[in-house]
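Notes follow the structure.
The values are calculated or read from the model by the stated rules, or taken from the named source; none is laboratory data. Note that the structure is predicted; figures quoted are calculated from it, not measured. Backbone-built Cβ (ideal geometry, glycine too); neighbour counts: all protein chains shown. Quick note on the areas: whole protein, heavy atoms, side chains included, nothing else; ligands and nucleic acids left out. Shrake-Rupley method; radii C 1.70, N 1.55, O 1.52, S 1.80 Å.
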Amino acid sequence: MSDFDYHQLARDIKRWGRELGFQQIGITDADLSAHEPGLQEWLAKGYQGEMQWMGEHGNKRSRPAELVPGTARVISARLDYLPGDTAQIKVLKDADKAYVSRYALGRDYHKLIRKRLATLAKKIENALPDELKPNGERQMRPFVDSAPVLERPLADKAGLGWTGKHTLILNDSAGSWFFLGELFTYLPLPIDKSEQPNRCGECTACLKVCPTDAFPEPYTLDARRCISYLTIELKGAIPEEFREPMGNRVFGCDDCQAICPWNKYAKPTCETDFLPRHGLDNSDLLTLFKWSEAEFLKNTEGSAIRRIGYQRWLRNLAVGLGNAPTRPDIIDALQARLGQHGELVNEHIQWALAQQARPNRRRKRKIKNPHANAR
Ligand code: SF4
């Protein structure tokens, strides 16, 4: 049916998106060919580390129509997650406290966003005449960080912001504290042209602040050096060179976003689900380290933290405690867990005890990447 008003549908999609709680919706085509060489180069350099899934699925990651046949457009959605109280960042300066990345303080976002995108898909379907409705060959599929999807280039193309030097999407009126989700569709919707120009300019604050120097050059992240990767994705031992610079960051790291001047425009989230739970925005390392496995499972129910499991949780906290000031109660707690939770945790506890045995040590706060280009 050629006279169907896709322009009206696109306007409706944006209105429905706002009604569903998204801060912004953009529509783009499914052509990511410009990003394919960069992705291949990034993978060839091994910057994905243990995230082997980044290189799997052939070209599906950069070719949405190979992931979902018939995809002609991607509807990209943005949902803010910044908690109203931004004082949590001060936790970074308190070596007895545990810093948990802001995105993980509340409930896991995957289900919430996928559900809303599925509702959006339903609304679109209801607005279509029978001959345009989805069928076996015409699909609308929601994705939230769960499939091989280049969500940031798609959001960039859809006009949700520009890609900052820290590789995240930045919006000139909303900063970068937001989640992204995508709805793939076969519908030939009008494409948004309102791409925001790159406004990083001469700024290099995010590159300089990174404790582990994870950016070999602007717009490139070596995930193997990133504290988010080390504390969340890496399954084995955290390389020793990164342990001191990790400080008290026990799940993720927000430094590159927290320093970014554009985040003064970030708005607090309206989602109660994303507000901090179990005091995770201001907890002692020691309190969290003393959680039993049952407490860990209970307190991280519905949280993104749960996916790393209890051993890696203890591994990360042991590093934090190794970086905390020397104290008898910390040493006692570390010793009490020795030999209880397997070799991975043991080795990190031994490291932490060795650190605690050096009361006058000066922690290395930053580490220089020997392979980074001069900036
Ligand atoms: S800190 Fe500066 S360089 Fe980094 S993303 Fe923000 S504006 Fe761009």
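Calculated [222 nm] ellipticity per residue, helices only, for the chain: -9000 deg cm²/dmol; basis is -39500 (n - 2.57) per DSSP H run with n ≥ 4, divided by all residues, nearest 500.
Counting charges near D85 (Lys, Arg +1; Asp, Glu -1) among other residues having Cβ under 15 Å from its Cβ returns a value of +1. Partners of K90 within straight-line reach, counting aspartates and glutamates whose Cα lies under 16 Å from its Cα and excluding those fewer than 8 residues away in the same chain: D254, D255, D281, D284. Across the accessible surface of the chain, with the other protein chains kept in place and a 1.4 Å probe, carbon and sulfur atoms take up 50 percent. Stokes-Einstein diffusion of segment 234-371 at 37 °C, 0.692 mPa s viscosity, Kirkwood radius from Cα pairs, rounded to a whole number: 200 µm²/s. Quick one: grab the alpha carbon gyration tensor of segment 3-86, order the square roots of its eigenvalues as a ≥ b ≥ c, and give me rounded if a/c is under 1.5, else prolate or oblate depending on whether a/b is larger than b/c. Judged from the Cα gyration tensor, segment 3-86 comes out oblate (a/c at least 1.5, b/c at or above a/b).
Using a probe of 1.4 angstrom and keeping all protein chains present, the accessible surface of segment 277-375 works out to 52 square angstrom per residue. In this structure, the pairs whose alpha-carbon distance is over 29 Å, taken from K208/K298; K97/K264; K235/K264; K115/K267, are K208/K298; K235/K264.
The residues of segment 162-202 expose on average 35 square angstrom of accessible surface per residue, using a 1.4 Å probe on protein heavy atoms. Using the Cβ of L288 as centre and a radius below 15 Å, the other residues enclosed give a net charge of +2, where K and R count +1 and D and E count -1. Taking Cβ atoms as reference points and 15 Å as the exclusive limit, the residues near N59 contribute a net charge of -2, counting Lys and Arg as +1 and Asp and Glu as -1. According to the calculation over all Cα-Cα pairs in segment 150-250, the P(r) per 5 Å bin from zero is 2, 11, 19, 18, 17, 14, 9, 6, 3, 1, 0 %. On a per residue basis, segment 26-66 carries 52 Å² of accessible surface, using protein heavy atoms and a 1.4 Å probe. For segment 251-307, applying the loop criterion from DSSP together with a ceiling of 11 other beta carbons within 10 Å to the trypsin sites (Lys or Arg not before Pro) yields no site. The charge dipole of the chain, taken about the Cα centre with unit charges on the Cβ atoms of Lys, Arg (+1) and Asp, Glu (-1), comes to about 940 debye, rounded to the nearest 20. Shape class of the chain from the alpha-carbon gyration tensor: prolate, with a/c at 1.5 or above and a/b greater than b/c. An oblate overall shape is assigned to segment 334-375, the ratio a/c of its alpha-carbon gyration tensor axes (a ≥ b ≥ c) being 1.5 or greater and a/b not exceeding b/c.
Restricting segment 56-122 to trypsin sites (Lys or Arg not before Pro) that sit in a DSSP loop and have at most 16 other Cβ atoms within 10 Å of their own Cβ leaves K60. Taking the chain as a whole, the Cys residues whose C-beta sits 4.7 Å or farther from every other Cys C-beta are C200, C203, C210, C226, C253, C260, C270.
Could you tell me the center-to-center distance, by alpha carbons, between segment 302-359 and segment 216-282 in angstrom? The distance from the Cα centre of segment 302-359 to that of segment 216-282 comes to 19 Å. Segment 35-53 and segment 156-175 have Cα centres separated by 21 Å. Within the chain, the longest run free of exposed loop sites, counting GluC sites (Glu not before Pro) that sit outside DSSP helix and strand states (H, G, I, E, B) and have at most 13 other Cβ atoms within 10 Å, spans 203-300. Split the chain at each of the chymotrypsin sites (Phe, Trp or Tyr not before Pro) in a DSSP loop with at most 16 other beta carbon atoms within 10 Å, and the longest piece is 5-218. Expressed as a whole percent, the proportion of Cα-Cα pairs in segment 78-147 lying more than 20 Å apart is 52%.
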